[in-house]
1. What residues have an amide H closer than 5 Å to that of B:TYR318, excluding those fewer than 5 places away on the same chain, when H is modeled at 1.01 Å from N in the peptide plane?
2. With a cut-off of 8 Å between alpha carbons and a minimum separation of six or more residues, what is the relative contact order of chain A in percent?
3. Quick one: what are the phi-derived ³J(HN,Hα) couplings along segment A:16-26, Karplus 6.51/-1.76/1.60 with θ = phi - 60°, whole Hz, x for glycine and proline?
4. Quick query: amide H of B:PHE277 versus all other amide H atoms, modeled in the peptide plane; which residues come in under 5 Å with a sequence gap of 5 or more or a different chain?
5. Say the cut-off is 23 Å between C-alpha atoms; which of B:LYS69/B:LYS288; B:LYS69/B:LYS208; B:LYS186/B:LYS268; B:LYS87/B:LYS431 go over it?
6. Starting from the Cα of A:LYS189, step 7 Å along the direction of its Cβ; do the same at B:ASP102; then give the gap between the two resulting points in nm.
7. Pop a pseudo-label 7 angstrom from the Cα along the beta-carbon direction at both A:ARG68 and A:ILE18 and give the gap in nm to one decimal.
8. Kindly write out, for segment B:358-364 in residue order, the coupling ³J(HN,Hα) from the Karplus curve 6.51 cos²θ - 1.76 cosθ + 1.60 (θ = phi - 60°), rounded to whole Hz, with x marking Gly and Pro.
Amino acid sequence: MKKRNVVALFFVLPVIIILLAISIFPLIYSFYLSLCQWDIGTGAARTFVGARNYLRLFTDSRLWNAMRNTGLELLFGVGTQFLLGLSLALLLNRVFRGRSLVVTLFLLPMMISPVVVGCIWKIIYHYQYGPLNFLLEKIRLSPVNWLGSSSTSIYSIILADIWEWTPFVMITLLAGLQAIPDELYEAAKVDGATRVSTFLWIVLPLLRPVIIIAVLIRVMDAFKIFDLVVLLTMGGPGQSSETIAFYNYLTGFKYFSMGYASSMTYFQLAIIVIIANIFLKSWKGREMA
Amino acid sequence: MKRITVFLVVLVVLLGAASWAYAVKLVVVGDAGHNLKPFDWYAQQFKEKFDVELEVIGVPFGELYEKEKMELIGQTGAYDVMIVYPKFLAEFAANGWLYPLDEFIAQLDPKMDDVTPGYRDFYCKYGGKIYALPYDGDILNLYYRKDLLENEEEKANFKAKYGYDLKVPETWEEFLDVAAFFTRKKGEKLAGQVLERDFYGTAYYGQKDQIFAWWGNIFASLGGVYFNEETMEPAINSEAGIKALEMMKTMHQYCPQDVLAYGYEELKDIFLEGDCFMVIQWPCVGKKGADPAQSKIVGKIGVSHVPGVRREDGTIYYRPLMPCGRVLAISAESRDPWKAYQVIRYLSVETSLDDVSTAETGLDPYRYSHFAHPEAYEMFTNVEDARIYLAGVQKNMEKGYPEMVLPGTVEYEETLGVEISRALSGEKTPKQALDDAAKMWSEILNRLGKENQKKMYQELVSGWRAAGLWE
């Protein structure tokens, strides 16, 4: 090996060791665990069971219920965050007095600690003493059982998540909008393009890479939604608002079924990787075109 | 060379002296909030008496188990003193993660004879050895609004409707009658006053981690048991279980709509805000209810035993559950178990009356001496009220029904809790829900090792029998 290469290796060695210790080893070890049955604390030894944990995933109705709830969060939560975030970004992408202040105010929910967000929404949603039901009653509507009903609890979590994360989508898309050169708008205007056609044929195509990144980040985050579930409903009533991340936590750190929890983690990883690839391919496909 | 040697010797001597000068530092872990306060209150005394400094780590109530277990599995020695929920004591002790206290007890008496049998034998022992000292004696009690119960107009209306006198409900049927009677809508009258918001007959802990205990109060009084001792078949879907869940479903109609989202705080608040006639709750609610800073119904709270079932001989068979509770244990990896023992003994013996008799903690009485001193409970407006409160708690304590403490308890209790919630929210019938829960319990049992679990369950049951807590 050349002396130069040895020196280079010497410099990157600490990083390689750290990566091996905190990323690669846990990745390999957790995969091995996913092929074992290991219920810590029960006195039973760890035993190799092959693909049994993975087969159990397909028959576990609680897991599929959690997947369904995660799907609702992706569809309604991330979907609404995108639509609201884009609308706000378009509104704020113009010059007006106090714009910086308005943008900062919009960003506040995102700056608050997720735990505090959960506590705030728990108070807001309180059936008897919460301000939301108080306002509903003031406008002569019936109070809503936000957290104590199996038909509304997951949507209450989604609503709080929308409030918290729409600003992220907004600020990312606003940055994308501001990167579009003014000349393009002027050229479109000269060519007689309407505001709608300018949006459809200039703004959207140029904003597309930013949209893909913003939505992809939110999709990955939504797949991991945990804090709001713990603080608002603990997955209840029953299991009506359990998400995949919450169920995985219960399996791993409440029931201490480490083998099954590991297999669930790999299942989630596979789904996230597939979704990310679809998004990134769509981006690359557009670039090629 | 000589200079270097002298320098090193001096350095070692100085470091040694410095370490002597500083007290031993012990790490305490427990559920964050009011129950950790005594560790701060007596920090100076721990230093002066035992030469110990404490670092207190609070973790959320629902996460204490996993935080402790992860450190214990890894044998990290992160904690010296641990607040442990008794249902996990068997698991922790069986795995050798806790320090047995018998040798220390022989040297420094923790006055275990003063501890009531349920807490002494059920909370602190495993396999014939003592692994913990009691810190918080939890049992469920019935709290009700005695001012409303004594109201002449309400008494007359109740008698006209149900044909018997309005009184503290002693059976579950009476409980349902009283709950139905006091459930009123906003605008209706209660004790002559027009209600500004809805008023509820009762409420319960609806979150799935503890809901089993509120169902369990009825189940146990109907003679229910967790498993068949001989076959280890789950017995939660027995006739007693189904009847208990049907009763709970009836009770659900008289509760706030969002009761399935209620944890400890919400259940405490609905009662202490004056919006509910009666609740079944832990003893600390009685103390907090007497504190004007925390309660709008000071002086209006009565305490009694949880309802039960009237037997053929006319006696009432009631079995309140003993969920939660707290004991103080020492990690097997503790850096100084003897000093840790002195600390936990001090809290369990010397300061315990002060700690359980204040509304600033959630700690509840567990020693005979705690019940013998009603004057210590200064939040009550008079000693008689304190005496009534303590008598009510003691009445429940004598009939306490132990919480299951097998390894895997969290999974057993939570799967049962999920199914109870599903029945109460109308997703399933009580029978379907409990049959499904029993099926899941069988799966858990087989996965965790049926024979091992059976052996442990039989040991537990014989311990409960010896303590007079099991028939």
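Bear in mind these aren't lab numbers, they're just calculated from the coordinates by the rules spelled out. These numbers were taken from a predicted model, which means no experiment stands behind them. Counting neighbours? That spans all protein chains shown, and the Cβs are built from the backbone with ideal geometry, glycine included.
1. Long-range HN contacts for B:TYR318: B:VAL309.
2. Working: 300 pairs, mean separation 84.5, N = 289.
It comes to 29 percent, rounded to a whole number.
3. Using θ = phi - 60°, the values come out as 4, 5, 5, 4, 4, 6, 9, 10, 5, 4, x Hz.
4. Amide H to amide H, under 5 Å and 5 or more residues apart or across chains, B:PHE277 pairs with B:TYR200, B:GLY201, B:THR202.
5. Numbers: B:LYS69/B:LYS288 31 Å; B:LYS69/B:LYS208 21 Å; B:LYS186/B:LYS268 21 Å; B:LYS87/B:LYS431 27 Å.
From the list (B:LYS69/B:LYS288; B:LYS69/B:LYS208; B:LYS186/B:LYS268; B:LYS87/B:LYS431), the Cα-Cα distance tops 23 Å for B:LYS69/B:LYS288; B:LYS87/B:LYS431.
6. Simple spin-label model gives 9.0 nm for this pair.
7. It works out to 4.5 nm between the two label points.
8. In residue order, the calculated couplings are 10, 7, 7, 10, x, 7, 10 Hz.
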